[in-house]
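Accompanying notes for the structure given below.
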Ligand SMILES: [Zn+2]
């Protein structure tokens, strides 16, 4: 696992963090590293997310960045660094969560449409989109006449 230290916009490879042992619980490792394991702030969804943990004294922070199956730990040196980190990276991870949520809502609307109207929402008929239906009929007529 690669660790980084982030200090007011500056990235440095490596961080003063204990090794995460094989078979060690994530929360045990967090506690051993000095972070409050059960309170975190999250940006993003489960496959692309940033989780931020505060240390016991609240003077430095840990960002756990998950992209696909890879986890990267970023030790954030102080509060101004935390604000910069969230400003620069939080929103793009939140955006992927919003996209995910919207996709879920769209799929549900598609299912309702199919259930109550009887055909797929990508298709049209004379009832649900009479103008587009008319246009398609004209196109068909023209294609058949040439
Ligand atoms: Zn229809």
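Looking only at the stretch 31-59, residues that are part of a loop (DSSP other than H, G, I, E, B) and modelled with pLDDT under 90 come to 7 in all. For the stretch 121-146, a residue qualifies if it is over 30 Å from residue 46 (Cα atoms), part of a loop (DSSP other than H, G, I, E, B) and within 14 Å of the ligand (Cβ to nearest atom), and the qualifying residues are 123, 124, 125, 126, 127, 128, 129. Exactly one residue among 82, 95, 62 is over 24 Å from residue 30 (Cβ atoms), away from the ligand (no atom under 16 Å from the Cβ) and surrounded by 13 or more Cβ atoms within 10 Å (Cβ to Cβ), and that residue is 95. Return yes when residue 118 is within 16 Å of the ligand (Cβ to nearest atom), modelled with pLDDT under 95 and loosely packed, with under 13 Cβ neighbours inside 10 Å and no when it is not. Considered against the rule, which asks whether it is within 16 Å of the ligand (Cβ to nearest atom), modelled with pLDDT under 95 and loosely packed, with under 13 Cβ neighbours inside 10 Å, residue 118 comes out as yes.
The values are calculated or read from the model by the stated rules, or taken from the named source; none is laboratory data. Just so it is clear, the model here is predicted, and its values are computed rather than measured. Because the Cβ atoms are built from the backbone with ideal geometry, glycine has one as well, and the counts that use them run over all protein chains shown.
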